[in-house]
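Comments concern the structure below.
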């Protein structure tokens, strides 16, 4: 009996061993097959992604588009050491004088006019940090001596083209030029204010040759400050036709979007390099070690298994995206951005924000519809700045709308001087004061102009939403707008244009 039971047990164990061996072999075969399938699928996805990128690059190359990697421009330093040195002096004097914050009092102290306002040194109020007003006046006199050197450089055209570091120079110089312009207006010297505005324009135009969105945005920021100073000129009494004609000549010509397509091409090349660096960031041993340490720290902080799995899954998904779909994402970006470049090149003579916005919307929808892999949708947009180009185009066209409305306002003032009345429509300004009715850069239609019931002019652009709200300066939440582009429409002039420049 025992022998039979032992034989039965031995047979069962042998059968179980055979069954386990068979099951193990089956599982190993399945695992090998699954790994082979996954490897083949990954290889196929990688090849498909690479083929998509090669196809897009070949198509762009056939059209003469350069789709190479361009390094970020090196910083060569300022092209004008004298201008840089004067800017550094003005920067220090601005801190001493608290330029802008003490404008009403300092204005009376400028130019040796202390006796005129009855100021006495023993009654001088204290400035911030214990600096007396007499010291402020001395610092201001020093600042305007430095400013005379800046004037000489700008008026002689010796400022040279701008570089990346010159934005800091502009930040130091422009407030003083604006302050000098306001001082001229305080003395009813419109011609002196216009000279300062022209100098700000020269500083701004130094950046026009730089194929960079940042440089173009900074140029528009400088020009917008000059536009606001020009508006101040129009508010001064005793304006004459010669002053208005000089101001109109100063703003007559500008093509802010002339090089925007080349700028986008340059940004595209720099973006490709940045994207390639992002893809390669996990290929080095140091990069892997750093990320594994970060993952280990995160897992140590999260004691639950779910947290560990979540962190590990995130890194695995990033690794899969980098290996399998990064090329396809880049191909989507290139083809999407080319939609915008083609629109700008094809509509160079009649660009408007409504058309450019439509092209950007098409590009973004194309990118969003094709770049949703493993939950990593739109990752590339943050890498190469597709949204940055869209915002830059909007800001540039907003500046152009302000410039054209300024020209209309100047023409209206000239008409008023000649006829003693306000024109009822823009057609009365053509061709004596304007060569043609300026178009609204927002929607491509003529800028809106009418008279209110009291006979006052209302001039506006439809604004970035490209919808005519009948010249409403309020924001959609019914609050007053703080800038031209913040209301339902861009209304000229807004009530809070600065009477003093800070």
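Nothing in this text is a laboratory measurement; each read-out follows from the coordinates by a stated rule. Every value quoted in this text rests on a predicted model; they were computed, and no experiment measured them. Reconstructed Cβ throughout: ideal geometry from the backbone, glycine too, with neighbour counts over all protein chains shown.
What the Cβ-Cβ distance of residue 262 and residue 145 gives, at R0 = 30 Å and to the nearest 0.05, is a FRET efficiency of 0.15. Each of residue 432 and residue 187 was given a label point 7 Å from its Cα along the Cα-to-Cβ line. The distance between the two points is 3.5 nm. Extension gain for the segment residue 9 to residue 255, taken as residue separation times 0.36 nm less the Cα-Cα distance, is 79.0 nm to one decimal.
Here r is the Cβ-Cβ distance between residue 65 and residue 168 and R0 is 41 Å; the resulting FRET efficiency, rounded to 0.05, is 0.75. A Förster distance of 41 Å, applied to the separation of the beta-carbon atoms of residue 18 and residue 43, puts the FRET efficiency at 0.65. Sorting 461, 336, 261, 55 from the fewest to the most surrounding beta carbons within 10 angstrom yields 55, 261, 336, 461.
Fully extending the segment from residue 454 to residue 350 would add 34.0 nm, taking 0.36 nm per residue of separation and subtracting the current Cα-Cα distance. List the residues of segment 142-170 whose backbone N lies under 15 Å from a point placed 7 Å from the Cα of residue 209 along the Cα-to-Cβ direction. Those under the cut-off are 157-166. As a rough footprinting exposure proxy, the listed residues 20, 466, 42, 393 were ranked by other beta carbons within 10 Å of their own, and the order from fewest upward is 20, 42, 466, 393. The modelled label-to-label distance between residue 35 and residue 467, using points 7 Å beyond Cα along the C-beta direction, is 6.0 nm.
Taking other C-beta atoms within 10 angstrom as a stand-in for reagent exposure, 442, 142, 182 fall in the order 142, 182, 442, fewest first. Packing around the peptides 169-178, 410-419, taken as the average count of other Cβ atoms within 10 Å per residue, puts them in this order, highest first: 169-178, 410-419. Packing-based ranking of 341-352, 241-252 yields 241-252, 341-352, ordered from highest to lowest mean Cβ neighbour count within 10 Å.
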